[in-house]
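Following: one structure in structure tokens, then a few remarks.
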Amino acid sequence: MPKYLLSRLAQSAVLVVIVSIVMFALIASAPGGPAILYQEDVDAEAAATMRRNLGLDDPIVVQYARWAAALVQGDLGTSLSNSRPVAMLIGQRFGATAQLALASLGLALVVAIPIGVLSAVRRNGWFDRIATAGAFMGVSIPNFWLGIMMIVLFSVTLGWLPSGGTGATGDGGWLERLRHLAMPAFVLGTSTMAQLTRYTRSSMVTVLREDFVRTARAKGVPQRTVLTRHALRNGLIPVVTVIGVLVPRLFSGAAITESIFSWPGLGRLAVDAALQRDFPVIMALTLVVSVLVIVASFVVDVLYAVIDPRIRYG
Amino acid sequence: MADAVSPRTAAEAAPKGRALRAFLRHRGATVALFLLTVMTGAALLAPWIAPYDPEKINILRSLAAPSAQHWLGTDEVGRDVLSRLLFGGRVSIVVGLVAATLSVAIGVAIGGLSAYFGGLLDAVLMRFTDGMLSIPLFFFLLVVMAVFGSGLTQIVIVIALTSWMPVARIVRGEVLRVKALPYVEAAEALGARRLHVILRHLLPQTVPSVIVAATLGVANAILLESALSYLGLGIQPPIPSWGNMLQGSQAYVWSQPLLALWPGLMIFVAVMAYNALGDGIRDALDPGAG
Amino acid sequence: MRRTFLTLIVALLASLGFAQSDNTLRAPLIGDPTAWPINPPGLISDIMVGKTLFNNLVRFSFEDGSTVVPDLAERWEVDVDSRVWTFYLRDDVVWHDGEPFTADDVVFTVETIRNPDVASRWAAAFVTLETIEALDDHTVRMTFEAPFAPLLATLAYNLAIVPAHVLSSMDLSVPSGPTDFVTNPIGTGPFRFVEQVSGSHFILEANPDYFEGRPAIDRVEFKVVPDVNAQVAQLLTGELDITWTVEPIHYDRLAAASNIVLGEVNIPRFDWIPLNNENPLFQDARVRRAMAHALDRELMVQAVFGGFGEVATGPIPPSIAWVPRDQARMLDYDVELALELFAEAGWTRGDDGLLRNAAGETFRFTLLADRGNPTRDQVYLVAQDAWSSIGMDIQIETTEWNTVLARYREGTYDARVGWWVIKPDPDLYDYFHTDGRLNQIRYSNAQVDDLLERGRSVADQDERAAIYAELQALLVEEQPSILTIYPTEVRATNTRVEGLPDIGFRDALTWLHRASLR
């Protein structure tokens, strides 16, 4: 295989290094400094001492070298805001985001694929029209507004669902957690759901026009069998690629969803770290997200080969 | 000389009226165009049609429900919500249009150069484009805004710098296609200067796809601006923008939920309209698709 | 085999929520706390968990929140001129890891705070400290160069004692605390550390060996809930037992709920609009007084603070009850008077309604704002509105909180909106003295300096009261920045919470071991 994949891996590694340098340079060259130096009751002298103790007076190159050297040894550093190891912070937050991302992806798949397939089969029928309009709205709706509106409806007005948190520390069990997960997962999944519906539909429309499907139909193979045996498999191949693109986006989208619903995940960690200029945390998150993007597209390539035997690398 | 080798492709070869008719048949796109005209007009005319000064507070009339004096009610310090929406629209529309234009300009330049000159330049530029596409841009945006401070100019530049990549790819693809067409080869053979060839023959061919990309780009920019403003990193009050109005209203969802409805609805409608417009233009220019 | 199966069932049931003990107090924090009381990096959340994990030498009383009563020190003595203080420590206190608490811990804590490399914000309390020594295992003596009257209030305010045996081997110069300590904090307090998950919670359990007896509450879960709306929502559904500060917009909803009790307490806090006194516009006290007169602060109390608070005179809040207030006059809302004062100072309104001086310049300045707090947001706008309407030329510049504080400290601002929660003592040296460490308003007045210095060095409370009453009156006339309101603190608790003192939440937390849940 793997010549092609290996070269891609090498390219990706270079990319990660470049991204880390750019990010570091950006942060370090910015005016001001980490929030810990700007507490209202910290005087200028104390702030200067803290800055020195944090090594922020050193040249940027020295700071980057120090950061990279530690990273090579597997040390992501410690948060400037609270002295906790960055690896610990990310470890504690990763689960919450993964849970949210998986839930929203699952929800998106469960909703989007059947709708997309059905739309394609009944092309231009009333179902297709409604589904297309719905998907169109789903792509355009700002998810932070959707989140607030859902809070207004389900928490404020109806009182059915909690407006934030995970329910993990409350006295509830899995049911309680599910109730907490429902709105954030839906909000985060909306755009994915809409895009998947569109891709599935158009991919299925193309496949249904192809010769082998027509041949199967002409031979009198029942519609259901044509769909499941022939069309679906081929129609979903492009959809897999799209999922590879959408998964990393879920992590970016999480920044907003998590902020609305007080969800203790990586997205909110990113927003907080950006606002507090907590350099080690920002750098570590940059790495994590970049690696995630690369791994996702990598996995998609491999999956692609598995699903479609015609594709071979090497 | 240029007229001698009339630059026409399949899409444009169709009678001019057909594309227009196709566009008008696209019901969504016509509605979108109408909505956008109204919204843009309202925003442009805001200083004359807004019933109140959008920054004038009246603390005694805060969080008022919609009434005859204040059609959409008032916010937490008694400012008229309708007036603020009208003025807020200016920010969203300006950010959307300017950022999309800038990003299209960057994309056209990079894609055009890359395709026309090919070779090493092409390889470098395209690796760069791929690289930009594969970094988590929203996160990047977040950090840049947080670290360098927020404001209208920053937000426009940052959005433009992080959203030109699809345009570059489209333009590169188009230029490569057109470059191989006989009339371009003819022009070069006749000794036309490179810049002239690029400006006169290649770029015009990319216009339809670029218009589509630009229209969708406006939707994207409006969405990004409002998302950043919502996180408190975009346009700063007291200048109203739909994004920061929405952020401001979140504290009051329990007492005055309508306050959060309007700005979000405006963003939603504007984004949807630009998306529909983009789709409509694409369908009109390329009747075979869909 | 059978037992494993049973254990599994029990674990499963527990995860379903049937078996969880409910003697747990659930309280919100707005951010991740860091248990580093030497220099709390994020302040309020850090201080709150610190109050339950650690003890001070002394604390403020359960009854009034301002009288100093014993904590780790069971009694103390001070010599006649208030220079030498001797603290006699309890001998029955153990750290959460089982080690005994001794005088060495106190000496270590104070030395750490004084260490310039640690850059502790509490260091200012000890600038005049000559020596601190352990006379024996349970006696500590502090000798000051000059009398330091506010010592007890300072020690009770935010000076938690930390364990020498744990920290002496760690690098204390890390600004947000040594990693090994903040991930496993050891204190003497009524609750000990169990677990912290970033962005989610900080959990403590009752310390069975607490020197005042085991707390009635088994567990305290501090949940990170940054959004105050979410706090209120969770309070109403019982997911939280308390919210420490209720925003005015939520009063009505909470007051209507049958499972919630609202309590209003006075705290030592003043809200103000700090002015940069180095700005030529604000050099004239008449101008500053005029700005106070032009502001309808009563309206502000009613409309912005929901009636919870009162209009401020000087910076010494009424919760410090022993300082007489009758000398300080109230600068009433009076636009005419404001314009007269402006005219005396050379500013008159032109045809365009703007105030102009002889050179024709407008009274132009910028209010530096941020978007953190809905109440503060409203104060900016109300002030801008009021002041613009008498002809001042005001811009609002909104930027992020860090930048606001950076410019505040560097003096590159004109005005902003802020507040201080001070120790319950009128010693305002840090804020108004020319050399004050937090004199970000860059104010300098020899008479004020003199009063502040005398107020610190006189031991007798009556004498101090007279000094500070004079200071208060002087600061009203001087109005170095515009004092606005003394807000009260409104706390909402679930009816099942009992035994919390009716004092500000910071100090109430030092008495959490007396609280119980029904």
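The values are calculated or read from the model by the stated rules, or taken from the named source; none is laboratory data. Not measured: the values here are computed from a predicted model. Positions of Cβ are backbone-derived with ideal geometry, glycine not excepted, and every protein chain shown enters the neighbour counts. The protein model used for the area step is the full one, side chains on, heavy atoms only, and it has no ligands, DNA or RNA in it. Shrake-Rupley method; radii C 1.70, N 1.55, O 1.52, S 1.80 Å.
Laid out as a table, the results:
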read-out: Inter-chain shielding of C:31-37 (mean C-beta neighbours from other protein chains, 10 Å cut-off); value: 3
read-out: Local electrostatic count at A:Ser12 - Lys and Arg +1, Asp and Glu -1, tallied over other residues with Cβ under 14 Å; value: 0
read-out: Helical mean residue ellipticity (222 nm; -39500 (n - 2.57) per DSSP H run of 4+; nearest 500) of chain B; value: -22500 deg cm²/dmol
read-out: Rh by Kirkwood over Cα pairs, then Stokes-Einstein D for the stretch C:431-518 at 1.306 mPa s and 10 °C, µm²/s; value: 97 µm²/s
read-out: Between the stretch B:128-160 and the stretch A:192-228, the alpha-carbon center distance in angstrom; value: 40 Å
read-out: Dipole moment magnitude, nearest 20 debye, chain B about Cα centre, only Lys, Arg, Asp, Glu C-beta charged; value: 520 debye
read-out: Shielding of B:54-66 by partner chains, average beta-carbon count, 10 Å; value: 3
read-out: Compactness of chain C as Cα Rg over 2.2 N^0.38 Å, two decimals; value: 1.05
read-out: Distribution of pairwise C-alpha distances over the stretch B:166-251, 5 Å bins, in %; value: 3, 13, 17, 13, 9, 8, 8, 8, 7, 6, 5, 2, 1, 0
read-out: Accessible surface buried once A binds B (1.4 Å probe; total of both sides; Å²); value: 3400 Å²
read-out: Mean Cβ neighbour count within 10 Å, used as a protection proxy, ranking A:236-242, C:234-240 highest first; value: C:234-240, A:236-242
read-out: Residues in the stretch C:353-382 that, when all protein chains are in place, have 20 Å² or more less accessible area than the chain alone would give (probe 1.4 Å); value: C:Arg371, C:Pro374, C:Gln378, C:Leu381, C:Val382
read-out: Rounded percent of accessible protein surface that carbon and sulfur make up, the protein assembly as shown, 1.4 Å probe; value: 60 percent
read-out: Where the stretch A:93-307 is the region considered: accessible area per residue in Å², 1.4 Å probe; value: 41 Å²
read-out: Hypothetical label at C:Asp79: residues of the stretch C:96-130 whose amide nitrogen lies under 17 Å (7 Å Cα-Cβ projection); value: C:128-130
read-out: Rounded accessible area per residue of chain B, 1.4 Å, Å²; value: 43 Å²
read-out: Stretch gain in nm, segment A:Arg179-A:Glu40, where the contour uses 0.36 nm per residue and the Cα spacing is subtracted; value: 46.1 nm
read-out: 5 angstrom amide H check on C:Arg26, placed H, neighbours 5+ away; value: C:Glu221, C:Asp241
read-out: Shielded residues, the stretch B:208-228 - accessible-area loss of 30 Å² or more between chain alone and all protein chains, probe 1.4 Å; value: B:Leu223
read-out: Proximal aspartates and glutamates to B:Lys179, defined as alpha-carbon separation beneath 19 angstrom and excluding residues fewer than eight positions away on the same chain; value: B:Asp3, B:Glu12, B:Asp122, B:Glu188
read-out: Anchor A:Lys219: aspartates and glutamates whose Cα lies under 17 Å away (excluding residues fewer than 8 positions away in-chain); value: A:Glu210, A:Asp211
read-out: Placed amide H near C:Val421: partners under 5 Å, 5+ positions off or other chain; value: none
read-out: For the stretch A:258-294 versus the stretch A:102-126, the gap between their alpha-carbon centres in whole angstrom; value: 31 Å
read-out: Relative contact order %, the stretch C:42-143, counting alpha carbon pairs below 8 Å whose residues are six or more apart; value: 21 percent
read-out: Share of Cα-Cα pairs in the stretch A:134-205 lying beyond 17 Å, as whole percent; value: 52 percent
read-out: MRE, 222 nm, helices only [DSSP H, n ≥ 4, -39500 (n - 2.57), over chain C, to nearest 500]; value: -9000 deg cm²/dmol
read-out: Loss of accessible area when B meets C, both sides summed, Å² nearest 100, probe 1.4 Å; value: 1800 Å²
read-out: For the pair C and A, total buried accessible area rounded to nearest 100 Å², probe 1.4 Å; value: 3900 Å²
read-out: Spin-label model distance (nm) - C:Thr412 vs A:Leu102, 7 Å beyond Cα toward Cβ; value: 4.8 nm
read-out: Label-to-label distance, nm, for residues given as C:Glu264 and A:Leu153 (7 Å Cα→Cβ offset); value: 3.9 nm
read-out: Nonlocal amide H pairs with A:Thr78, under 5 Å, H built at 1.01 Å; value: A:Val86
read-out: Cross-link reach list, lysines versus C:Lys223, counting only Cα pairs under 22 Å and skipping chain neighbours closer than eight places; value: C:Lys51
read-out: Surface accessible to a 1.4 Å probe, per residue, for the residues of the stretch A:2-72, Å²; value: 50 Å²
read-out: Shape of the stretch B:68-284, Cα gyration tensor, a/c cut at 1.5; value: prolate
read-out: Whole-number percent relative contact order across chain A, with pairs defined as alpha carbons under 8 Å at least 6 apart; value: 27 percent
read-out: Test item: C:297-308 mean partner chain Cβ contacts at 10 Å; value: 1
read-out: Rough spin-label spacing in nm, given labels placed 7 Å along Cα→Cβ, for C:Glu361 and A:Tyr4; value: 7.1 nm
read-out: At least 50 Å² of accessible area lost relative to the chain alone, listed for the stretch A:270-286 with a 1.4 Å probe; value: A:Ala274, A:Leu275, A:Arg277
read-out: Exposure of B:Leu176 as accessible area (Å², to 10), given a probe of 1.4 Å and all protein chains; value: 70 Å²
read-out: Normalised contact order of chain B, rounded percent, pairs of Cα under 8 Å and 6 or more residues apart; value: 26 percent
read-out: Gyration tensor (alpha-carbon) shape descriptor, chain A, a/c threshold 1.5; value: oblate
read-out: Cα gyration tensor, the protein assembly as shown - rounded (a/c under 1.5), prolate or oblate; value: prolate
read-out: Selected from A:Ile260, A:Leu232, A:Ile243, residue furthest toward positive end of dipole (chain A; charges at beta carbon); value: A:Leu232
read-out: Surface accessible to a 1.4 Å probe, B:Tyr183 within the full protein complex, Å²; value: 20 Å²
read-out: Cα lying deepest toward the dipole's positive end in the stretch B:68-284, options B:Leu277, B:Ala260, B:Thr74, charges on Cβ; value: B:Leu277
read-out: The stretch A:8-146 - convex hull of the alpha-carbon atoms, volume per residue in Å³; value: 198 Å³
